1. Identify, from the list 94, 7, 13, 80, the residue that is without any contact (Cβ under 8 Å) to a residue 60 or more places away in the chain, touching a helix residue (DSSP H, G or I) at 6+ places or on another chain (Cβ under 7 Å) and farther than 22 Å from residue 145 by Cβ.
2. Quick check on my filter: what residues within region 68-94 are at pLDDT 95 or above, more than 13 Å from the chain's Cα centre (by Cα) and assigned to a helix (DSSP H, G or I)?
3. Could you tell me which of the residues 65, 114 is part of a loop (DSSP other than H, G, I, E, B), touching a strand residue (DSSP E or B) at 6+ places or on another chain (Cβ under 8 Å) and under 20 Å from residue 130 (Cβ atoms)?
4. Here is a list: 52, 35. Which entry is touching a residue at least 40 places away in the same chain (Cβ under 8 Å), surrounded by fewer than 15 Cβ atoms within 10 Å (Cβ to Cβ), farther than 16 Å from residue 24 by Cβ and out of contact with any helix residue (DSSP H, G or I) (no Cβ under 6 Å at 6 or more places or on another chain)?
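The values are calculated or read from the model by the stated rules, or taken from the named source; none is laboratory data. Not measured: the values here are computed from a predicted model. Every residue, glycine as well, gets a Cβ built from its backbone with ideal geometry; the counts of neighbours run over all protein chains shown.
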């Protein structure tokens, strides 16, 4: 599957299915070589951002916001070829969405308050010295800004 095709498909699906597809794609591109916990943490950052409304009102808008997540950074021609990693990304995305749909006090948060993450091997963003919530695998999760759910 090519990334461009997946993003097109997300544009014609109902919102909840589109968000699941966009989150799965992001987990695959950002963290397919990471542990389940690492993938859950990436999902949590995207879901927290969607709640805030600062990068868009849906998961798809958040993960396709300019230069925020892999879907807008890698080539649209990128092929998602690892079916085992894809299957795991879909499972983790769906579980993460179910978890995030719970009331705030009942959610299992892997990286509480994290608004950003970075992979040290490929990124050195200006906000890299923000408060570090956790390091999982080769990703560091940071609280660059305090995100509150939109009203």
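1. On the way: 94 fails: without any contact (Cβ under 8 Å) to a residue 60 or more places away in the chain; 7 fails: without any contact (Cβ under 8 Å) to a residue 60 or more places away in the chain; 80 fails: without any contact (Cβ under 8 Å) to a residue 60 or more places away in the chain.
Result: 13 is the single residue among 94, 7, 13, 80 that is without any contact (Cβ under 8 Å) to a residue 60 or more places away in the chain, touching a helix residue (DSSP H, G or I) at 6+ places or on another chain (Cβ under 7 Å) and farther than 22 Å from residue 145 by Cβ.
2. Result: 83, 84, 85, 86, 87, 88, 91.
3. Details: 65 fails: touching a strand residue (DSSP E or B) at 6+ places or on another chain (Cβ under 8 Å).
Just a single option satisfies the conditions, and that option is 114.
4. On the way: 52 fails: surrounded by fewer than 15 Cβ atoms within 10 Å (Cβ to Cβ).
Result: 35 is the single residue among 52, 35 that is touching a residue at least 40 places away in the same chain (Cβ under 8 Å), surrounded by fewer than 15 Cβ atoms within 10 Å (Cβ to Cβ), farther than 16 Å from residue 24 by Cβ and out of contact with any helix residue (DSSP H, G or I) (no Cβ under 6 Å at 6 or more places or on another chain).
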